[in-house]
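Right, one structure below, let's go through it.
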Amino acid sequence: MLLDASLLTAGTDDVAGTARLLEDRGYTGVWASEVAHDPFLLLHAAALATERVQVGSAIAVAFARSPMTLAYTAWDLQRTSRGRFVLGLGTQVKAHVERRFSMPWSAPAARMREYVGALRAIWATWSADDVPLRFRGEHYRHTLMTPTFTPPRHEWGAPPVHLAAVGPLMTRLAGELCDGLLAHGFTTERYLRERTLPALQEGLELSGRTREQVQVSLPGFVVAGRDDAERAAARTAVRAQIAFYGSTPAYRPVLELHGWEDLGNELNALSTSRREDKWEAMAELVDDEVLGTFAVVADPEDVAPEVLRRYEGVVDRFSVYSGAGLPPEVWDPLVRALA
């Protein structure tokens, strides 16, 4: 199992130093998310500041961009990183795509299938002299590419594409078309074993590939700390994250598998209420059983054995979803065990 790290708390002014520190500490890869910053700006800085670690998006919102725009960005990042870039894509949810990005939304799995196909068609045209761009789909059409607008070739070629998935359709698509699956942090060992891996296998069988040809990455919730104050802060932060995701209907299947539908309904109702303390109240609904099912709860030196117990043979790459503001040395035992 490989150990990665998140650049979630890094900004454009300090991401280079953060990435360099993580590389020096022994991590395999660093991932930037499309939250409050453009992930590709962060990854460009991280790539220039490092030599060994992989740099990837986990995730970039595919439907916020045209395939052509993203194809250029990914091609250049693959060159800048000298072959260390991983393009991790996700759909986001309907409300954000339509109301935040002002972009169209339709059947996400079908649209994502076209999106990945369009990217690869564009990259194929850039990679060879005799491959015209002739991609025509229901959602995307790319049929024009002239020498002026063709980027220079480089020895690393197109980057691998990893796909974020929770439900069976997107998970199956990752197994059929992509190089990796980015599991959501709001998942459990049971959901991964009983829902995610079977759907992934269905996709692999459609493409005639084996499980070893697709990397599964998990940003897992971890509650740890060196003293009571740090442990309490981590517990509070992870409870809030579980409550936030649990309130979203798109992630309801994970709760349903464990028989926690009522919790999802309560969280959703609170999230749409006018209570001033709704986020605190939501976190209080996440009891110790739910917390311990979604998160590894352990002292720093015991995190690695528990991660391996739950996820060895299930995921190929692991990262701590939230460090609750803890210094990087807290995770050194995990690095020594996994990286």
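Tell me, please, whether a residue that is under 16 Å from the mean Cα position of the chain (by Cα), closer than 16 Å to Glu114 by Cα and part of a loop (DSSP other than H, G, I, E, B) can be found in the range 181-204.
No: the range 181-204 contains no residue that is under 16 Å from the mean Cα position of the chain (by Cα), closer than 16 Å to Glu114 by Cα and part of a loop (DSSP other than H, G, I, E, B).
Just name the residue that is nearest to Ser6 (Cα to Cα) out of those in the range 30-73 that are under 12 Å from the mean Cα position of the chain (by Cα) and in contact (Cβ under 8 Å) with a residue 60 or more places away in the chain.
Trp31
Quick one: how many residues across the range 294-330 are within 21 Å of Gln215 (Cβ to Cβ) and part of a helix (DSSP H, G or I)?
Here the count works out to 6.
Of the numbered conditions (1) of a type in the set (Lys, Arg); (2) touching a helix residue (DSSP H, G or I) at 6+ places or on another chain (Cβ under 6 Å); (3) touching a residue at least 12 places away in the same chain (Cβ under 8 Å), Lys278 fails exactly one; give the number of that condition.
So the condition that Lys278 fails would be (3).
If you check His162, His139, His154, which single one turns out to be of a type outside the set (Val, Ile, Thr), surrounded by 15 or more Cβ atoms within 10 Å (Cβ to Cβ) and over 27 Å from Gln54 (Cβ atoms)?
Only one candidate passes the filter, namely His139.
When you go through Asp76, Asp13, Asp24 one by one, which is the residue that is free of Cβ contacts under 8 Å to residues at least 12 places away in the same chain, charged (D, E, K, R) and part of a helix (DSSP H, G or I)?
Asp24
If I filter the range 127-150 down to residues being β-branched (Val, Ile, Thr) and in a loop (DSSP other than H, G, I, E, B), which single residue comes out as nearest to Arg79 (Cα to Cα)?
Ranking the qualifying residues of the range 127-150, first place goes to Thr150.
Taking the condition of being within 24 Å of the chain's Cα centre (by Cα) and either surrounded by 14 or more Cβ atoms within 10 Å (Cβ to Cβ) or part of a helix (DSSP H, G or I) (or both), how many residues in the range 210-232 meet it?
Of the residues in the range 210-232, 14 are within 24 Å of the chain's Cα centre (by Cα) and either surrounded by 14 or more Cβ atoms within 10 Å (Cβ to Cβ) or part of a helix (DSSP H, G or I) (or both).
If you check Arg153 against the conditions, is it more than 17 Å from the chain's Cα centre (by Cα) and not in a loop (DSSP other than H, G, I, E, B)?
No, not satisfied.
Restricting to the range 115-136, count the residues that are surrounded by 18 or more Cβ atoms within 10 Å (Cβ to Cβ), farther than 23 Å from Val216 by Cβ and either under 25 Å from the mean Cα position of the chain (by Cα) or among the hydroxyl-bearing types (Ser, Thr, Tyr) (or both).
5
From the list Thr272, Thr248, exactly one residue is under 19 Å from the mean Cα position of the chain (by Cα) and more than 18 Å from Ser319 (Cα to Cα). Which is it?
Exactly one residue qualifies, and that residue is Thr248.
Of the residues Ala304, Ala295, Ala250, which single one is closer than 26 Å to Arg193 by Cβ, touching a residue at least 60 places away in the same chain (Cβ under 8 Å) and out of contact with any Phe, Trp or Tyr (no Cβ under 9 Å at 6 or more places or on another chain)?
Ala250
We did not get these values from a lab; they are worked out from the coordinates using the rules stated. Nothing here was measured: the structure is a model prediction, and the numbers come from that model. Positions of Cβ are backbone-derived with ideal geometry, glycine not excepted, and every protein chain shown enters the neighbour counts.
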